Amino acid sequence: MELNNTAHAPLLDIQHVTYAYPLQKTQAEKDAPSPAVLRDVSLQIRQGEYIALLGHNGSGKSTLARLCNALLLPDRGRVLVAGQDTRDATQQQAIRQQIGMVFQNPDNQIIATVVEDDAAWSLALQGFPATLIRERVDAALAAVGLEHARHQMPHQLSGGQRQRLAIAGILALRPRCIIADEATSMLDPSSRQDIVALLSRLHREFGLTIIHVTHLLEEVVQAQRIVLMEQGQIVQEGTPATIWHDIERLRALKLIIPDTFTLTTRLRAAGFPLSAEAVTIDAIEKGLIGAESNY
Ligand SMILES: Nc1ncnc2c1ncn2[C@@H]1O[C@H](COP(=O)(O)OP(=O)(O)O)[C@@H](O)[C@H]1O
Ligand SMILES: [Mg+2]
């Protein structure tokens, strides 16, 4: 779903960004610049896109994610969020509200002792009227499938449910974009799939821009565009099909190739008319049944 007001400016415009973490603040080290973890990175993301930021550990994904919502500021280059520079201190709160971030560990994002209070936390802090808070929290809990748990205590929820609660807290702020930074990595396989499915649904139903940050190939098959990172730079961008095309390259970038990807590659090499995008069990099955019915 595309919104009209985005014809001019992309939601996120990352222009030639270079960033290094400050070294420990000792006088001796002050003048020596630490090595840049992001080097001349440029990327535009439109409102309503579903992007995967993919790369192995240490490639700079989390640093780039934090630059997108003014948690970090660029040393060189600039980051514009709906046209606003993240270095503009008067805009930073609004920017963080528009670009919500979900992190690895849901427990670091949960504050209150009752589910509905937790989802309401940021709104309450900003002094919104109770009726508006109630309305937004109801909608957010419904969107993540936690209405039934509203009076429970967060620690009674499963890891996957706690991560969904963290997402509800962000949704209550009505963001334009959610960045999920390895948001599934502490969860069991079925909760992982739930979170990926939820992000996909939020994209589809609400037109939310999704940036899914991960090192797992199997989590990015739903994305419209994949941005591949290596050593602080973007090394490739494209649709899943273009990215899957070169499995050896993905392997060289130290990504773990799921068995389904290998199977698709072998079946294609053996002459089965499967598309390169058919990398899930469902898609492979569909492809093969389709092929069989042609004989
Ligand atoms: N707070 C920090 N201080 C210093 N170096 C950091 C910090 N966070 C990350 N780094 C370094 O920056 C590089 C990129 O890290 P990161 O953005 O976390 O990558 P990714 O999310 O892809 O694993 C790594 O070499 C990492 O060690
Ligand atoms: Mg990371």
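The values are calculated or read from the model by the stated rules, or taken from the named source; none is laboratory data. Remember, it's a predicted structure, so these values are computed and weren't measured experimentally. Every residue, glycine as well, gets a Cβ built from its backbone with ideal geometry; the counts of neighbours run over all protein chains shown.
Residues of segment 62-107 being charged (D, E, K, R) and either surrounded by 22 or more Cβ atoms within 10 Å (Cβ to Cβ) or more than 16 Å from ligand 2 (Cβ to nearest atom) (or both), which ones?
Filtering segment 62-107 down to residues charged (D, E, K, R) leaves 66, 75-76, 78, 85, 87-88, 96, 107.
Of everything in segment 62-107, those that are charged (D, E, K, R) and either surrounded by 22 or more Cβ atoms within 10 Å (Cβ to Cβ) or more than 16 Å from ligand 2 (Cβ to nearest atom) (or both) turn out to be Asp75, Arg76, Arg78, Asp85, Arg87, Asp88, Arg96, Asp107.
Yes/no per residue for (1) within 15 Å of ligand 1 (Cβ to nearest atom); (2) touching a strand residue (DSSP E or B) at 6+ places or on another chain (Cβ under 6 Å); (3) in a helix (DSSP H, G or I); (4) over 11 Å from Gly55 (Cβ atoms):
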position: Ile210; (1), (2), (3), (4): no, yes, no, yes
position: Val213; (1), (2), (3), (4): yes, yes, no, no
position: Glu218; (1), (2), (3), (4): no, no, yes, yes
position: Leu228; (1), (2), (3), (4): yes, yes, no, no
position: Val235; (1), (2), (3), (4): yes, yes, no, no
position: Ala241; (1), (2), (3), (4): no, no, yes, yes
position: Glu248; (1), (2), (3), (4): no, no, yes, yes
Item checked: Where a residue in segment 51-71 is modelled with pLDDT of 95 or more and its partner, wherever it lies, is hydroxyl-bearing (Ser, Thr, Tyr) and within 7 Å of ligand 1 (Cβ to nearest atom), with Cβ under 9 Å and at least six apart -> Thr63/Tyr21
Margin query: Restricting to segment 194-231, name every residue that is in contact with a Pro (Cβ under 9 Å, 6 or more places away or on another chain) and under 22 Å from Asp13 (Cβ atoms).
Written below: Leu208, Thr209, Ala223, Gln224, Arg225, Ile226
Notebook entry, point to check: Among Ile179, Ile111, which is the only one that is in contact with a helix residue (DSSP H, G or I) (Cβ under 8 Å, 6 or more places away or on another chain) and either crowded, with 20+ Cβ neighbours inside 10 Å or over 26 Å from Arg66 (Cα atoms) (or both)?
Noted result: Ile179
Check: Given the residues Arg134, Arg96, Arg78, which is the only one that is in contact (Cβ under 8 Å) with a residue 60 or more places away in the chain, of a type outside the set (A, V, I, L, M), outside any loop (DSSP other than H, G, I, E, B) and out of contact with any helix residue (DSSP H, G or I) (no Cβ under 7 Å at 6 or more places or on another chain)?
Finding: Arg78
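Can you confirm whether Arg174 is in a helix (DSSP H, G or I) and more than 11 Å from the chain's Cα centre (by Cα)? Explain how you work it out, then say what you get.
Details: in a helix (DSSP H, G or I): no; more than 11 Å from the chain's Cα centre (by Cα): yes.
No, not satisfied.
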Notebook entry, point to check: Does Leu202 meet the test of being away from ligand 1 (no atom under 16 Å from the Cβ), farther than 30 Å from Glu248 by Cα, in a helix (DSSP H, G or I) and at pLDDT 95 or above?
Noted result: yes
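Listed residues Ala89, Ala119; which is touching a helix residue (DSSP H, G or I) at 6+ places or on another chain (Cβ under 7 Å) and either under 26 Å from Ala197 (Cβ atoms) or of a type outside the set (S, T, N, Q) (or both)? Quick ask: steps written out before the conclusion?
Working: Ala89 fails: touching a helix residue (DSSP H, G or I) at 6+ places or on another chain (Cβ under 7 Å).
Selected residue: Ala119, the only one of Ala89, Ala119 that is touching a helix residue (DSSP H, G or I) at 6+ places or on another chain (Cβ under 7 Å) and either under 26 Å from Ala197 (Cβ atoms) or of a type outside the set (S, T, N, Q) (or both).
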Next item on the list: Please go through segment 144-159 and pick out each residue that is under 21 Å from Ile178 (Cα atoms) and surrounded by fewer than 20 Cβ atoms within 10 Å (Cβ to Cβ).
Entry: Gly145, Glu147, Gly159
Notebook entry, point to check: Which one of these does Gln236 not meet: (1) crowded, with 21+ Cβ neighbours inside 10 Å; (2) closer than 27 Å to Gln84 by Cα; (3) more than 16 Å from ligand 2 (Cβ to nearest atom)?
Noted result: (1)
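Looking at segment 43-65 only, could you name the residues that are more than 8 Å from ligand 1 (Cβ to nearest atom) and of a type outside the set (S, T, N, Q)? Give the steps one after another, and end with the answer.
Just the residues of segment 43-65 that are more than 8 Å from ligand 1 (Cβ to nearest atom), to begin with: 43-54.
Those that are more than 8 Å from ligand 1 (Cβ to nearest atom) and of a type outside the set (S, T, N, Q): Leu43, Ile45, Arg46, Gly48, Glu49, Tyr50, Ile51, Ala52, Leu53, Leu54.
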